[in-house]
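Some notes on the structure that comes next.
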Amino acid sequence: MSVDFFAPGSAALVSLRLSPLLAATAFITGAIDQQNSWSNLAKSIPHGSRPKHAPDWLYDHVWRLIPVCAVTYPLTILLLGLNLFLGPMSKEAWRWYGTGFVLFVGHCFPYRKARRIRCALWRRGLDGEEAFESLRTFTDFHGMRIVFYDLPAWAVVFVGVISHFT
């Protein structure tokens, strides 16, 4: 007796269809929280001042978020990819999931610039004016990436899930 694991209406298929939304929600929550932390730090540093080190809350809070994003971002892409290739799905839902996949992958394209800014920040530490400008630039860049890639990607995945179940 053979059982189709991804039969329409099966618990496995329902879980597969919902999983990208859950992973994307975890990722976007972490990314927005990171942005809030970085931008608060950037705003709290007066132009021209040079504190000796970053505040403790930055290390305690932001460094806990980075692993969350590092796991949930590729997981979201993987789950969206699986949804595109497994089980039955309407063309409309497939387009939404596909668009979400493209937008989440698009998050990586500005990565080289973000990495260059971040490397300059860590290499110089938090003791020079260039490091503070790097922090402000990174914060602005990260915020734009959230607005133009991450939030639309999450919204598209949300619509894809809704369109699949309606």
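The values are calculated or read from the model by the stated rules, or taken from the named source; none is laboratory data. If you're wondering where the values come from, they're calculated on a predicted model, not measured in any experiment. Note that each Cβ is placed from the backbone with ideal geometry, even for glycine, and that neighbours are counted across all protein chains shown.
Among residues belonging to region 30-39 that are touching a Leu at 6+ places or on another chain (Cβ under 9 Å) and not charged (D, E, K, R), point out the one that is surrounded by the fewest Cβ atoms within 10 Å (Cβ to Cβ).
Ile32
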Can you find even one residue in region 55-64 that is more than 17 Å from Leu151 (Cβ to Cβ) and modelled with pLDDT of 75 or more?
yes
